[in-house]
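Every number in this text was worked out from the coordinates using simple rules, so none of it is lab data. Everything quoted here is computed from the prediction, not taken from an experiment. Here the Cβ positions follow ideal geometry from the backbone for every residue, glycine too, while neighbour counts run over all protein chains shown.
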């Protein structure tokens, strides 16, 4: 095991969230395809997404997208801004800070009306 | 102070798998890890094998994983590391014996970027003039001692043994940004292969591991930008 | 009696037989291969565009609305507007290609054997193009007035 610094963990999660979002995307293209088949099929499936398990998964998905996007911005800054790489620590804190600042309130907003364990 | 050294041992003639072995020794906090290793080798277990040469941080022979991070054993102080020290060979290289790894593929990749001045004009009567500003541009990347700590800390280097590695890119940078050199195209051709510079995922472990404090990630990003803007 | 040096045991080390690509191809000049450069650049460009498209989609679908209100009628109203249809189509295209390129780098990182690499990349392209096609098909051809499948 290598005890890497923060940049290594940020990269690991960037990869994990990327693959996770792609897996979700396949599912999403498939379920949206049902729209072409008519309301009976589509509404039945979407009804499933109202279950509390899926609402929680929805929040995690929002987290994955937010993390991947914000870390992506950090990578672009390191790539195209000369002093980006010199400010590595600041960028790491900025990334994690912005991510939590957006994700946690989103969670409160999205999950406050969910009927848990219903 | 009493120090416990937990060292990953592997003897290709005897062992099937690498295994840890612990040694308790007495060490001064201002001793280097290399001194601790020597104590083990001279007084406890003569079979312990590791590379060392200058023992003061300029030859790059003794790069190894100390408590999980690539460092030079002759530069790290026992007092800074602590009472429990785990020593392993670097990741991403084939283990030859104990802490000695096969550096030959690493040197092959280094040679492939043509680490010598390429200039097709006739040499002038005096030196090829270079201003102080021009020298400053690539000054950091002249410092590489080819210890392998950067490449051994790089996750893409671990997973893909063909990745050219940060060290080769740094040494290519030293010549590409040298105003006296005319071989940038050839080096960039080498670096733009599928296992070249774009395998870098900006993980930043290399900059952290470099014992000469070369800003490796910055050098690699400069190369990527040069390749993009010259396309 | 002369001092006898013990016979050196046969070393268990084996020379790696596979010749590295760097010695094989180091000498002769090759044309500059820009594929990796363009792929790297594409990540950045599509990523920035996706910041706009994907985050808007997230906010509209999960914050302004949510799964409680999303059903067939919601989609029908949304896709009545050509703006949202184009938006969704572009989002699909950008997200899938960005993701596929990402998986391509994963394959390049973790699969070194030539045969398996070709196989995995082929599967990737087939799956990717398939999903791109069915996704695009439903967005482009959706027409609520056409008869759908018979009622269940």
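Which value in Å does the Kirkwood hydrodynamic radius of the range B:18-63 take, with 1/r averaged over all unlike C-alpha pairs and then inverted?
For the range B:18-63, the Kirkwood estimate is 11.7 Å.
Please list the radius of gyration and Dmax for the range C:29-114, considering alpha-carbon atoms only, with Å as the unit.
Expressed in Å, the Cα Rg and Dmax of the range C:29-114 come to 17.9, 62.
What does the structure give for B:6-12 when I average, per residue, the other chain Cβ atoms found within 10 Å of the residue Cβ?
Other-chain Cβ atoms within 10 Å of each residue's Cβ, averaged: 1.
Specify the inter-centroid distance of the range B:52-116 and the range A:1-80, based on alpha-carbon positions, in whole Å.
39 Å
Using packing as a proxy for protection, rank B:54-67, B:144-157 so that the peptide with the highest average count of other Cβ atoms within 10 Å comes first.
Taking the mean over residues of other Cβ atoms within 10 Å, the ranking is B:144-157, B:54-67.
Go from 0 up to the bin containing the longest alpha carbon distance in chain B, width 5 Å each, and give me the % of pairs per bin.
1, 7, 13, 17, 17, 13, 11, 8, 6, 4, 2, 1, 0
Treating the Cα atoms of the range B:115-203 as identical point scatterers in vacuum, please give the log10 of the normalised Debye intensity I(q)/I(0) at q = 0.25 Å⁻¹, two decimals.
For the requested q values the scattering log ratios are -1.29.
Just to confirm the number: angle between the C-alpha axis of helix A:6-33 and the first principal axis of chain A, 0 to 90 degrees, nearest 10?
In chain A, helix A:6-33 runs at an angle near 20 degrees to the longest axis.
How high is the relative contact order of the range A:1-80, in percent, counting Cα pairs under 8 Å that sit 6 or more residues apart?
43 percent
Computed over the Cα atoms of the range A:6-111, what is the ratio Rg over Rh, Rh following Kirkwood?
In the range A:6-111, Rg relative to Rh is 1.10.
What Kirkwood Rh does the range B:39-141 have if only Cα atoms enter the pairwise 1/r average? Answer in Å. It would help to have the intermediate numbers written out before the result.
Values: mean 1/r = 0.0578 Å⁻¹.
Mean inverse Cα-Cα distance, inverted, gives 17.3 Å.
Of the peptides C:119-126, A:1-8, B:172-179, C:53-60, how do they stack up when ordered by the mean number of other Cβ atoms within 10 Å, highest first?
On the way: C:119-126: 13.2, A:1-8: 17.4, B:172-179: 22.5, C:53-60: 15.4.
Put in order of decreasing packing, that is B:172-179, A:1-8, C:53-60, C:119-126.
How big is the protein assembly as shown along each principal axis, measuring the range of its Cα positions in Å and listing the largest first?
104, 63, 43
Can you tell me which of B:221-228, A:30-37 comes out highest on packing, and rank the rest after it, using the mean Cβ neighbours within 10 Å? Before the final figure, lay out the partial values.
Values: B:221-228: 19.4, A:30-37: 17.4.
Going from most to least packed, we get B:221-228, A:30-37.
I need the semi-axes of the equivalent ellipsoid of the range B:180-231: take the C-alpha gyration tensor, multiply each eigenvalue by 5, square-root it, list largest first in whole angstrom.
Calculated on Cα positions only, the semi-axes equal 21, 14, 10 Å.
Which whole number gives the average, over all residues in B:83-93, of C-beta atoms from other chains lying within 10 Å of the residue C-beta?
Averaged over the peptide's residues, the number is 1.
Let me confirm one metric for peptide B:202-210, namely the mean number of other chain beta-carbon atoms within 10 Å of its residues' beta-carbons.
Mean partner shielding for this stretch: 6.
Against the longest alpha carbon principal axis of chain B, how many degrees, from 0 to 90 and to the nearest 10, is the axis of helix B:166-176 turned?
30 degrees
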